[in-house]
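Heads up, the thing below is written out as structure tokens.
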Amino acid sequence: MRPVLSIEKVRKSFGQNTVLGEVSLQVPEHTATVLIGASGSGKSTLLRCINLLEQIDDGAIYLDEKEITSPLVNVDEARMRMGIVFQSFNLFPHMRVIDNITLAPIKVHKVKKEQARAEAKILLEKFGLLDKAEEFPDRLSGGQQQRVAIIRSIATHPRALLLDEITSALDPVLVNEVLAAITELKQEGMTMVIATHEMNFAHQVANEVCFLHNGFIAERGPAAQVLQDPQDIRTKEFLRKVSLN
Amino acid sequence: MTHSSNDNKNSNESWYPSELELQRQKVRSQQSRKRIAIATSSSVLVLGGLVLFIISSPGWELFKQTYFDIEYGIEVLPIVAKGITTNIRLTIIASILITILALLLALARTSKAAALTPFRILATVYVDIFRGVPLLLVILLVGFGVPALGIRGLTGNVLVLGTLAVVLTYSAYVAEVFRSGILSIHPSQRAAARSLGLTQAQAMRYVILPQAIRRVIPPLLNDLVALIKDTGLVSILGVIDAVRAAQIQTSKTFNYTPYIVAAILFLMITIPLTRITDRALQKSIAQQNSQGTT
């Protein structure tokens with residue numbers, strides 16, 4: 001299967017600090033790649049580079065076999081075909097839930113307002129949030145806000161969805177409702193790159209798991225193999241520490 | 001202690017305050033009565049003393065006649081009140097123009113688009129100049145300088161020129177208020193908007209600016225109060241506003257009561273406005289606190 005996302009020898013440093021050193025990764029269609037690793041290992045930076053929120057220092061990123069890191073590519077058009085969900089939700093506080101969701105479809109994808117609202121309501125219903133459509137984000141729980149953020153990013157029918165530690169700011173009860181939403185998207189065939197600290201979730205949803213260590217992929221492979229029978233000593237060490245928590 | 005959270009209504013129905021709580025409430029009400037008594041007596045003492053001091057001063061009778069001649073005040077009230085309508089009209093027209101100009105200046109200064117570079121430079125220079133020159137000087141320069149140019153078609157109407165001077169100066173102040181509001185919106189909001197595919201301009205228009213404007217409403221109202229008062233400065237060009245009207249009356253009688261009348265009229269507008277500003281500020285602080293860091 002041809003990859004939706006292809007990352008080739010991507011480098012990124014902030015000043016003297018090398019955050020990504022030659023990271024290569026292919027994400028085939030309808031699969032989920034989960035990035036694990038300690039804080040500062042480069043997971044978030046990789047996602048931000050893919051979404052072109054950070055400019056890479058070397059290498060290339062391809063979306064549907066087209067290089068999006070070329071300076072000739074319209075950044076906005078490339079982003080239109082990707083969705084990203086952040087750790088801190090980043091909903092627009094001055095807009096109602098439904099307007100948060102329909103903003104990009106209406107303004108960027110030029111969908112008619114009625115149609116965008118109808119589609120948004122279908123998604124809200126699916127994720128059990130239809131009664132919150134006319135609320136402002138600050139009236140919602142963290143888990144509800146994060147689900148709205150997920151809906152907002154898939155409302156534009158992205159080719160790939162990037163999830164950046166989306167449950168890190170939530171308490172354990174709320175984590176599950178958000179992860180259930182992602183599992184559902186996975187079953188529908190959404191192509192995803194997920195940075196997470198939830199190992200059970202990684203196991204459940206990942207086709208492939210990549211363990212990042214100091215900006216390099218130390219180990220990658222099928223979820224069951226990497227998480228249950230890690231080969232690299234650093235992966236073993238990391239998983240041991242995580243399971244102690 | 002009041003039970004503010006009634007999560008468990010069933011158990012609350014059978015709740016009576018304990019002996020200990022009743023005792024506490026009793027002590028608290030005693031304490032608050034004592035506080036009120038102290039506040040009242042100290043206020044009477046200080047304010048009463050102040051009034052007594054002024055009234056008993058040797059020049060009080062003369063002072064009262066020259067500044068607080070009630071009959072004369074009532075006589076000049078219609079004239080001064082007519083003058084203040086000029087201040088109000090000037091304020092309304094100026095504040096609309098200021099808002100538009102200031103918003104354009106703030107957008108020019110915060111934009112990163114290459115094509116807007118000359119506007120960014122111009123806006124910076126403009127703000128530097130008009131924020132640094134006293135308003136009175138700008139009024140004099142525009143009011144007397146522009147007609148001196150003798151350009152045909154350019155107005156010699158002092159009211160228009162006075163308004164123009166006020167707009168020029170206040171736009172610089174208000175532009176900085178807008179700019180600080182724009183810069184105060186967390187970068188994650190822009191990132192979220194951009195990640196959805198919105199362009200720089202769309203992110204500014206639909207995400208950043210609406211939040212920024214909401215956040216700067218209190219300081220803008222503050223500037224509005226200042227603007228109303230500063231419209232009085234255009235009287236120097238000969239515009240008959242409240243200040244000028246009062247001045248004309250005073251110069252006829254050498255009684256300063258018209259000034260007091262003008263001051264009271266200004267206060268009647270500015271005090272309610274300051275109260276509204278306070279309330280807007282409280283509301284916006286409460287809102288920002290409830291939003292946390294999102």
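Residues in region A:61-93 that are more than 19 Å from the chain's Cα centre (by Cα) and surrounded by fewer than 18 Cβ atoms within 10 Å (Cβ to Cβ) were compared, and the one that is farthest from the other protein chains (Cβ to nearest Cβ) is A:Glu65. Any residue at all in region A:169-176 that is of a type in the set (Val, Ile, Thr) and part of a helix (DSSP H, G or I)? Within region A:169-176, one or more residues are of a type in the set (Val, Ile, Thr) and part of a helix (DSSP H, G or I). Only one of the listed residues (B:Ser235, B:Ser284) is among the hydroxyl-bearing types (Ser, Thr, Tyr) and within 14 Å of chain A (Cβ to nearest Cβ). That residue is B:Ser284.
The requirement of being closer than 20 Å to A:Ile150 by Cβ, in contact with a Phe, Trp or Tyr (Cβ under 8 Å, 6 or more places away or on another chain) and at pLDDT 90 or above is not satisfied by A:Leu47. Are any residues in region A:135-151 within 12 Å of chain B (Cβ to nearest Cβ) and over 17 Å from the mean Cα position of the chain (by Cα), and if so, which ones? A:Phe136, A:Pro137, A:Asp138, A:Arg139, A:Leu140, A:Gly142, listed by residue number.
Scanning region A:104-125 for residues that are surrounded by 14 or more Cβ atoms within 10 Å (Cβ to Cβ) and without any contact (Cβ under 8 Å) to a residue 24 or more places away in the chain, which turns out nearest to the other protein chains (Cβ to nearest Cβ)?
A:Lys107
Taking the listed residues A:Glu219, A:Glu208, A:Glu177, the one that is modelled with pLDDT of 90 or more and more than 16 Å from the chain's Cα centre (by Cα) is A:Glu219, with no other qualifying.
Looking only at region A:47-60, which residues are at positive phi and away from chain B (no Cβ under 14 Å)? A:Gly59 - this is the single residue of region A:47-60 that is at positive phi and away from chain B (no Cβ under 14 Å).
When region B:122-140 is examined, which residues are found to be surrounded by fewer than 15 Cβ atoms within 10 Å (Cβ to Cβ) and either touching a residue at least 24 places away in the same chain (Cβ under 8 Å) or part of a helix (DSSP H, G or I) (or both)? Answer for region B:122-140, where residues must be surrounded by fewer than 15 Cβ atoms within 10 Å (Cβ to Cβ) and either touching a residue at least 24 places away in the same chain (Cβ under 8 Å) or part of a helix (DSSP H, G or I) (or both): B:Leu122, B:Thr124, B:Val125, B:Asp128, B:Ile129, B:Arg131, B:Gly132, B:Val133, B:Leu136, B:Leu137. Selection of region A:229-240 for residues being of a type outside the set (A, V, I, L, M) and in contact (Cβ under 8 Å) with a residue 12 or more places away in the chain yields A:Pro230, A:Gln231, A:Asp232, A:Arg234, A:Thr235, A:Phe238.
Tallying residues that are crowded, with 16+ Cβ neighbours inside 10 Å and hydrophobic (A, V, I, L, M, F, W, C) within region B:46-76 yields 1.
Condition first: more than 41 Å from the chain's Cα centre (by Cα) and part of a helix (DSSP H, G or I). Now tell me which residues in region B:18-53 satisfy that. Hits for region B:18-53 are B:Glu19, B:Leu20, B:Glu21, B:Leu22, B:Gln23, B:Arg24, B:Gln25, B:Lys26, B:Val27. Check region B:211-222 and report whether any residue there is closer than 30 Å to A:Ile106 by Cα, in a helix (DSSP H, G or I), more than 19 Å from the chain's Cα centre (by Cα) and in contact (Cβ under 8 Å) with a residue 12 or more places away in the chain. Looking through region B:211-222, at least one residue is closer than 30 Å to A:Ile106 by Cα, in a helix (DSSP H, G or I), more than 19 Å from the chain's Cα centre (by Cα) and in contact (Cβ under 8 Å) with a residue 12 or more places away in the chain.
Every residue, every condition in (1) farther than 23 Å from A:Val148 by Cβ; (2) basic (Lys, Arg); (3) without any contact (Cβ under 8 Å) to a residue 12 or more places away in the chain; (4) surrounded by fewer than 23 Cβ atoms within 10 Å (Cβ to Cβ), yes or no:
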site	(1), (2), (3), (4)
B:Val146	yes, no, no, yes
B:Arg152	yes, yes, yes, yes
B:Gly156	yes, no, yes, yes
B:Leu159	yes, no, no, yes
B:Phe178	yes, no, no, no
B:Gln189	no, no, no, yes
B:Arg194	no, yes, yes, yes
B:Gly197	no, no, yes, no
B:Gln200	yes, no, no, yes
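If you check A:Ile7 against the conditions, is it at pLDDT 90 or above, touching a helix residue (DSSP H, G or I) at 6+ places or on another chain (Cβ under 9 Å) and farther than 23 Å from A:Phe127 by Cβ? Yes: the conditions hold for A:Ile7.
Within region B:191-226, the set of residues being more than 9 Å from chain A (Cβ to nearest Cβ) and farther than 21 Å from B:Ser284 by Cα comprises B:Ala201, B:Ala203.
The values are calculated or read from the model by the stated rules, or taken from the named source; none is laboratory data. Keep in mind the model is a prediction, meaning the values are calculated, not measured. Backbone-built Cβ (ideal geometry, glycine too); neighbour counts: all protein chains shown.
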